[in-house]
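The next block holds one structure in the form of structure tokens; read it before the comments.
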Amino acid sequence: VLCKRAQLHGFDAELIKCSFGDPLPSSADIYVLGGAEDTPKSVVVQYLKNCDNFSKVFDGSKPVLATCVSMQILGSSFENSAGETVSGLDVLDISTVSEKNRIVGELVSIPILPGLNDLMTGFENHASTTILGKDAKPLGIVVRGNGNGILSSDTDFMCQHVEKAKKYLDADCASYKFDGAVSGNILATYMHGPCLARNPELADWLISKATGCSSQPLDFGNVNDFRADRLKAVGIE
């Protein structure tokens, strides 16, 4: 999605795939870390820590998108499949604990990140709760689904953003959940779906951060129809 959209915006773009054991490229402009099963998390953390370019890639200057398990390993700690607490990459000020019940279904949130205005839609499939520390901000306020699974206790922060969310929530809703985490140009989310195909505005945000150029929206009717269909499935029209 990023490669194609960058090309349509007039940029030369090449997709570089980096598999486990490959050197981590330091010259890329955008980094995307996908979701996976829980078991490999600890192995991947050690692999990335041992990469020579790790600190350069994840210093917050380059745009990074991390989805689900990749968000968890970027935090300070997470629980592995055996229930043990494991140190993460400490890139994001978050921590993740395992839950007994798996959350599976549609996830919709109101973006908080400046420059994003459209509802964000995805599909979540995880059994975790992710807690934000003081140096991480959420990506969005959940209006359908679970997201990070933790209710906000930051009243001042919530007061700045809840008005946009109220139209999508029950009238008696007095508490709110977040999805994702943001620090600098590093974004993380529980949205699969796939995330960037469902949310072209988010894809263009990453491209603009990488290029330093604001881009005009691209009109794809099928993308708009796809988004509308997924939102309608959870009662948002």
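The values are calculated or read from the model by the stated rules, or taken from the named source; none is laboratory data. The model shown is predicted, which means the values in this text are computed figures rather than measured ones. Cβ: placed from backbone, ideal geometry, glycine included. Neighbour counts: every protein chain shown. These area figures cover heavy atoms from the full protein model, side chains too; ligands, DNA and RNA do not enter into them. Shrake-Rupley method; radii C 1.70, N 1.55, O 1.52, S 1.80 Å.
Here is how the numbers come out for the structure above:
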quantity: Flag for SER61 being polar (S, T, N, Q), in contact (Cβ under 8 Å) with a residue 60 or more places away in the chain, under 22 Å from SER183 (Cβ atoms) and not in a helix (DSSP H, G or I); calculated: yes
quantity: Subset of the stretch 192-203 (residues that are open to solvent by less than 20 Å² (accessible area, probe 1.4 Å) and in contact with a Ser or Thr (Cβ under 7 Å, 6 or more places away or on another chain)); calculated: CYS195, ARG198, ASN199
quantity: Lone qualifier among LEU132, LEU119, LEU89 - being open to solvent by 10 Å² or more (accessible area, probe 1.4 Å), in contact with a Pro (Cβ under 7 Å, 6 or more places away or on another chain) and on the phi < 0 side of the Ramachandran plot; calculated: LEU132
quantity: Index of the failed condition, CYS3 passing every other in (1) at pLDDT 90 or above; (2) in a loop (DSSP other than H, G, I, E, B); (3) within 28 Å of ASN125 (Cα to Cα); calculated: (2)
quantity: Answer from GLY83, GLY60, GLY105 - the residue that is open to solvent by less than 40 Å² (accessible area, probe 1.4 Å), small (Gly, Ala, Ser) and modelled with pLDDT under 90; calculated: GLY60
quantity: Cross-chain or 6+ apart pairs with Cβ under 8 Å, the stretch 121-132 first and within 22 Å of VAL223 (Cα to Cα), then of a type in the set (Asp, Glu) and modelled with pLDDT of 95 or more; calculated: THR121/GLU106; GLY122/GLU106; PHE123/GLU106; GLU124/GLU106
quantity: In the stretch 11-45, the residues that are among the small types (Gly, Ala, Ser) and either loosely packed, with under 10 Cβ neighbours inside 10 Å or under 21 Å from the mean Cα position of the chain (by Cα) (or both); calculated: SER19, GLY21, SER27, ALA28, GLY34, GLY35, ALA36, SER42
quantity: Number of positions in the stretch 64-86 that are in contact (Cβ under 8 Å) with a residue 40 or more places away in the chain and at positive phi; calculated: 1
quantity: Residue in the stretch 199-211 that is in contact with a helix residue (DSSP H, G or I) (Cβ under 6 Å, 6 or more places away or on another chain) and of a type in the set (A, V, I, L, M, F, W, C) present; calculated: yes
quantity: Filtered residue count, the stretch 73-87, keeping only those that are in a loop (DSSP other than H, G, I, E, B), of a type in the set (Gly, Ala, Ser) and in contact with a Ser or Thr (Cβ under 8 Å, 6 or more places away or on another chain); calculated: 4
quantity: Pairs where the first residue, in the stretch 1-15, is at negative phi and the second is β-branched (Val, Ile, Thr) and open to solvent by 40 Å² or more (accessible area, probe 1.4 Å), C-beta under 9 Å, 6+ apart; calculated: LEU2/ILE30; LEU2/VAL32; ALA6/ILE30; ALA6/THR211; HIS9/THR211; PHE11/THR211
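Residues are listed down the side, and each one gets a yes or a no for (1) under 19 Å from VAL64 (Cβ atoms); (2) open to solvent by less than 50 Å² (accessible area, probe 1.4 Å); (3) assigned to a helix (DSSP H, G or I); (4) among the charged types (D, E, K, R):
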{"residue": "ALA188", "(1), (2), (3), (4)": "yes, yes, no, no"}
{"residue": "SER208", "(1), (2), (3), (4)": "yes, yes, yes, no"}
{"residue": "ASN222", "(1), (2), (3), (4)": "no, no, yes, no"}
{"residue": "VAL234", "(1), (2), (3), (4)": "no, yes, no, no"}
